[in-house]
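First comes the structure, then the notes that go with it.
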Amino acid sequence: MSRALDLQVESSRCTRCGACGALRPSMFDLSAPVSRVAHQPSEDETLWADAARWICPTDAIRVRAVESDAPGIAPPPDDGSLFDALAGGAEAVRWQLADIPWAELDASRAPPQLRVVVREMAFSENATYSATQRFLDALGDDVDFSRWVSVWFYEETRHPYVLMEWLRRVGERLPDDFILRGRVSTPLMRSIAGTLVTNLVSEITASQAYRYLARTSPEPVLSHLAKRIAGDEARHAASFFRFARRYLERLPDGAARERARGLEVVHAWLGGGQAVTHPVQQMIERLGAAGTGASFDLDFDAIRTRVVHVVGLLLDVPLRGAQDVAPALREILARK
């Protein structure tokens, strides 16, 4: 009797965002209207199955260990470059601007508080412009990553575009310099692992923020947009996971120093450290300081749990919750 994994995708919850396929193309089939399991993971693929479960924006993936008499079957290889896999997966699931149901927009269901939230989200999304420049400067010698960033930039640029169009259609007027003022981002960390983990955290948080907006928006077209953007952010999180994992695997001696940098990012983020900033958190802070009555009542405990599990899988550190991060960091630093 051996231990096997039973991996399932709940079709009623799946939005076919492609995050699972970005993590493990051979494990998930994206050719149908919803994602399907192409092959059950081997014990060696537990990491990828668990990462898919935690990154999935709608919690559609279920993974459980089962007893099995069946012999283990080697999974098909994920051949080709990382850019090929991620860009191809994005092409397969990308939503189309022409399919946005603008005719269904109901401005009467877009109260002022909701418009403030969308305005802040659209503003924050424009930071992708300067972030892309920084990525190309810092990681331009990574051919796969620098090519994939062009895909990331294109998809991320669509987010403020459609949110600003929604604002325009509900009667909001934005200043002429709105986009240019939003094109500001903080400098990247010197650590590549720290940089990639920072963006992994940011994408997971953004995905959950848009998922919340999709569930709670009284205006149907905004709910539609938020659902699509949440899927993009989850797939981008999966892509950052892939690049970070590859980077760490290529380093000698277990990459202890860089793994520590990644844990330091999460430790600072959990403590509200100003050294770790990302657009969603900055947007929430601005909403709180605005005094407009607008709010974004995210379940940050659930987001922290999600982030901690994903980063633990990435760094090969067993993290069950936020309380495990500081001890794990001390242990890694003590071994360096």
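Since every read-out is calculated from the coordinates, none of them should be taken as a lab result. Everything numeric in this text was worked out from a predicted model, so none of it was measured. Please note: Cβ atoms are built from the backbone with ideal geometry, for glycine as well, and neighbour counts cover all protein chains shown.
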| field | Per-selection metrics, the range 2-65 (Cα): Rg and Dmax in Å | value | 10.6, 34
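Based only on Cα atoms, what mean projected area does the convex hull of the chain have, in nm²?
Average of the hull's projected areas for the chain equals 17.9 nm².
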| said: Placing unit charges on C-beta atoms (Lys and Arg positive, Asp and Glu negative, everything else neutral), compute the dipole magnitude of the chain about its Cα centre in debye, rounded to 20. | reply: 620
| 222 nm mean residue ellipticity, helices alone, for the chain (DSSP H n ≥ 4; -39,500 (n - 2.57); rounded to 500) | -19000 deg cm²/dmol
| field | Which of Arg168, Arg147, Arg173 has the fewest Cβ neighbours within 10 Å, and the rest in rising order | value | Arg173, Arg168, Arg147
| request: May I have the extent of the alpha carbons of the range 138-204 along their three principal axes, as whole Å values ordered from largest to smallest? | output: 43, 22, 21
| With a 10 Å Cβ neighbour count serving as the proxy for reagent exposure, in which order, fewest first, do Ile332, Ile179 appear? | Ile179, Ile332
| request: Please order Met189, Met27 by the number of other Cβ within 10 Å, starting at the fewest. | output: Met189, Met27
